[in-house]
1. Please determine, by comparing only the residues of region 1-26 that are hydroxyl-bearing (Ser, Thr, Tyr) and touching a residue at least 12 places away in the same chain (Cβ under 8 Å), which one is farthest from ALA106 (Cα to Cα).
2. Show me the helices (runs of 4 or more DSSP H) found entirely inside region 46-148 where at least 3 residues are surrounded by 12 or more Cβ atoms within 10 Å (Cβ to Cβ) and out of contact with any helix residue (DSSP H, G or I) (no Cβ under 9 Å at 6 or more places or on another chain).
3. Just to verify a result, which residue in region 81-129, among those that are β-branched (Val, Ile, Thr) and in contact (Cβ under 8 Å) with a residue 12 or more places away in the chain, is nearest to ALA11 (Cα to Cα)?
4. Quick check on this structure: which one of ILE29, ILE39, ILE78 is within 22 Å of LEU117 (Cα to Cα) and without any contact (Cβ under 8 Å) to a residue 40 or more places away in the chain?
5. So which of GLY93, GLY31 ends up being outside the structural domain of TRP139 (by TED's automatic domain parsing) and touching a Leu at 6+ places or on another chain (Cβ under 7 Å)?
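The values are calculated or read from the model by the stated rules, or taken from the named source; none is laboratory data. Every value quoted in this text rests on a predicted model; they were computed, and no experiment measured them. We place every Cβ from the backbone using ideal geometry, glycine too, and count neighbours over all the protein chains shown.
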Amino acid sequence: MGIRKAEASDASRIAEMMVENYRKNFFPIFGGEEFYFKILNVMDVAREYLEDSYVLENTYVYDDGVVKGMMRLADEEIVKLYVDPYFQCGKIGTQLLDFAIKEKGATWLWVLRENTLAQNFYKKNSFELTGEELEENDWITLLKMEIV
């Protein structure tokens with residue numbers, strides 16, 4: 001199948017991948033068991049995709065019989081890109097990124113300053129840090145990356 005536009009029936013799978021990635025990638029950086037293992041949950045994230053047509057309309061999934069990755073776009077920005085941790089290192093993220101760039105005209109994204117794994121992935125796929133930073137919630141620093 002490959003990459004396709006997300007459907008409402010994908011909402012729980014998208015949410016599951018996002019929650020797992022948030023826990024795997026962000027909990028070690030920020031801590032906060034209360035947030036990552038109690039407040040953050042699949043049902044609430046899935047609800048966002050079901051209740052906000054703009055969010056679902058701009059989300060794509062990698063589906064080869066099983067949805068293994070997702071990304072959300074906003075014009076030229078890659079807003080989210082996650083691959084199920086069980087299927088990482090299988091070029092799924094690269095395929096989603098290529099689709100975003102070649103098919104949807106994506107050119108930039110924000111990445112967490114402490115998430116060097118993600119920064120290295122994007123650098124490997126032709127993105128570079130611009131030097132621009134964004135402070136989110138007064139304590140999270142995001143770095144802008146653009147395609148070169």
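1. My answer is SER12.
2. Hits in region 46-148: 92-102.
3. Among those that are β-branched (Val, Ile, Thr) and in contact (Cβ under 8 Å) with a residue 12 or more places away in the chain, it is VAL83.
4. Step by step, each of ILE29, ILE39, ILE78 is checked, and only ILE78 is within 22 Å of LEU117 (Cα to Cα) and without any contact (Cβ under 8 Å) to a residue 40 or more places away in the chain.
5. Just one listed residue meets the conditions, GLY93.
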